[in-house]
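Trainee: Submitted below is the structure of interest, expressed as structure tokens.
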Amino acid sequence: MSGHNKWSTIKHKKGAADAKRGKLFSRLAKEITLATRDGGGDPDMNARLRSAVLAAKGANMPSDNIERAIKKGLGELGGAVLEELNYEGYAPGGVAVIVQCLSDNRNRTAAEVRSIFNKYNCNFATAGAVSWMFQRKARFVIEGETANEEALLELLLGHDIDVEEVSVEDDSAEIVAPPECFAAILAALEEAGIEVSESSVTMVAQTMMEVNDASTARSVTRFIEALEDDDDVQSVVSNLDLGDEAMAALGEE
């Protein structure tokens, strides 16, 4: 299983705290607004919006918040226009990082992201410096009893969906496919009654950077957490592959 999914297992523990701070709801609302702006306000006709709404409901986001985010995306509420921004660089150990943001102020976001890179002694890079190591992919994470590699493959292939990888580790399944397959995969999983923990079209590393040293792993993960705590950051993708010793050390914290 890819390293970013191992890391997501650890990050999952932060979910409740993020929700309490209101940042999780803010990120979900931004994604709903942008998905609506780009694909319309009907979840049945807009797979990205449907995925975002499902994620919001899974996080117990109030229906009023969801409806308000959709209206904002339709331009019914006015306000500042959101813009998708990506920033690139290197974390400790040579780990490549892409910071994906949604912002209504490009200058503010760039300054804040650069400040975090500087604070953690990481290298802020120019556009294209690390993105060549990644490809856009449809990515789904499924947890629990339905995280069955054979059953998921059979389901998706039965719908003639081009799946690149289905991997399972610790009751968590990860599906990776071409980005144009996102809507078809989401529909197939919904039809089968399979609940999705994470779903997005995102950047996925093609070559992983394995980190075995616990100290380096700790520095990388703290840096990523600091980025994720910024209000304008939607997600952080990297080619981090945590070795067993590093995973064990982080799991004990």
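Since every read-out is calculated from the coordinates, none of them should be taken as a lab result. Predicted model only: the values in this text are computed from it and were never measured. When we count neighbours, we look across all protein chains shown, and the Cβ atoms used for this are built from the backbone with ideal geometry, even at glycine.
Trainee: Mind listing P(r) for region 44-91? All alpha-carbon pairs, 5 Å bins, whole percents.
Mentor: For region 44-91, the pair-distance distribution reads 5, 16, 20, 21, 19, 9, 7, 3, 0.
Trainee: Additional query: Give me L77, L54, L189 ranked fewest to most by other Cβ atoms within 10 Å of their Cβ, as a rough exposure proxy.
Mentor: L77, L54, L189
Trainee: Counting only other residues whose beta carbon sits under 14 Å from that of S131, what net charge do I get with K and R as +1, D and E as -1?
Mentor: 0
Trainee: How would S131, S115 line up from fewest to most surrounding beta-carbon atoms within 10 angstrom?
Mentor: S115, S131
Trainee: While we're here: Rank the residues T36, T202, T207 as a footprinting-exposure proxy: fewest other Cβ atoms within 10 Å of their Cβ go first.
Mentor: T207, T202, T36
Trainee: Tell me the GluC sites (Glu not before Pro) within region 88-161 that lie in a loop according to DSSP and have at most 11 other beta-carbon atoms within 10 Å.
Mentor: Those that pass, being in a loop and sparsely packed, are E145.
Trainee: With n ≥ 4 as the cut-off for DSSP H runs, can you work out [θ] at 222 nm for the chain, using -39500 (n - 2.57) per run divided by the number of residues, rounded to the nearest 500?
Mentor: Numbers: 10 runs with 112 residues, N = 253.
Calculated from helices alone, the mean residue ellipticity at 222 nm is -13500 deg cm²/dmol.
Trainee: For a quick check, take a GNM of the chain with Cα springs below 10 Å and name the residue from P92, P62, P178 with the largest mean-square fluctuation.
Mentor: In this elastic network of the chain, the residue with the biggest mean-square fluctuation among P92, P62, P178 is P62.
Trainee: Let me ask something else about it. Under the 0.36 nm per residue contour assumption, what length would be gained going from the current alpha-carbon distance of D213 and N65 to full extension?
Mentor: On the way: separation 148, 0.36 × 148 = 53.28 nm, distance 4.24 nm.
Taking 0.36 nm per residue and subtracting the Cα distance, the gain is 49.0 nm.
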